[in-house]
Amino acid sequence: MGTSRASRVVRVLVVLLSLVFPPGVAARGGRAVRAEPPTPVSRTVTDRAGALGGRRGQVEAALARLEAAHAVRLYVVYVEDFSGLSAQEWASQAALRGHLGRLELLLAVSVGQRRYAVSADSRFPLSAGELDEVAATAIEPALRHGDWAGAAVGAAEGYAEALATRGLIRAGRAPGEMDHVRRAVRAAAAGGRAPGGPGG
C-alpha cells in the first residue's frame, strides 16, 4: 500500500454505513451466536457464519469482475456477531488491521445481530453520498429480502456502475494516473435480510 501503519491509521478514516435489519428477521433462529473480533481480511470472501451456502462462487465472480473492470477490490466478511463493537467499529478495525488501501472496500455483515457496515478509505474515488446510494439501492434491498449473497453481488455491481458513470477508474492505468484522475475530480467538485450455512 506504500504508507506506514501510523499514516494509515490517520488517513484510512472511513465512510461507514450501517443498518439494523427489520425486526421481523430472526437472529439465526434464536440460537446463541459466536462473537467474532475483527481480524485482518486475507481473502475477498470470508464466511465465518456459513451464510453463503452454494453461492460463494457467484459472489467471488462478482468481486473479480469489479476488480478487473475498475481496479477496485471489495472484501466481504460474514460473521455471527460483532463482538461487542458497533458495525462501524468492527468494519473500521478490520480494515485497519488488514492495511486496506484507498481502492479497497470492506463489507462486513453480522448474521446473528442483523447488522452491517461498509468501510471505505477517505480517499476512495466515490463520494460519501455515492457510497450511501450504492448501499441503499444495491446492498440493503438484498438484505431485506433474505439474500446474503445477493448483498455482496449487489455491492460489487453497484460500485462498478457508480465508477463507470463517473468514469474515474479503468483497469490497466498506472497507479499514478488513477491518483491524478481521482484528485482532479474531487478538486473540480470541491465538494439488510439474508439466509444462513459454516465456512471460512
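Summary table below
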| item | result |
| --- | --- |
| All positions within the range 70-93 that are modelled with pLDDT under 95, in a helix (DSSP H, G or I) and not charged (D, E, K, R) | A87, Q88, W90, A91, S92, Q93 |
| Index of the failed condition, P125 passing every other in (1) at pLDDT 90 or above; (2) part of a helix (DSSP H, G or I) | (2) |
| Matching residues in the range 46-69 - criterion: being part of a loop (DSSP other than H, G, I, E, B) and either closer than 14 Å to L105 by Cβ or touching a helix residue (DSSP H, G or I) at 6+ places or on another chain (Cβ under 9 Å) (or both) | A49, A51, L52 |
| Count of the range 40-99 residues which are small (G, A, S) and under 21 Å from G150 (Cα atoms) | 13 |
| So A108, is it closer than 22 Å to G158 by Cβ and either at pLDDT 90 or above or more than 18 Å from the chain's Cα centre (by Cα) (or both) | yes |
| Residue match in the range 97-104 (condition: out of contact with any Gly (no Cβ under 7 Å at 6 or more places or on another chain), over 13 Å from A155 (Cβ atoms) and part of a helix (DSSP H, G or I)) | yes |
| Matching option when the condition is surrounded by 19 or more Cβ atoms within 10 Å (Cβ to Cβ) and part of a helix (DSSP H, G or I), among A136, A142, A108 | A142 |
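The values are calculated or read from the model by the stated rules, or taken from the named source; none is laboratory data. Bear in mind that the values here come from a model prediction, so they are computed numbers and not experimental data. We place every Cβ from the backbone using ideal geometry, glycine too, and count neighbours over all the protein chains shown.
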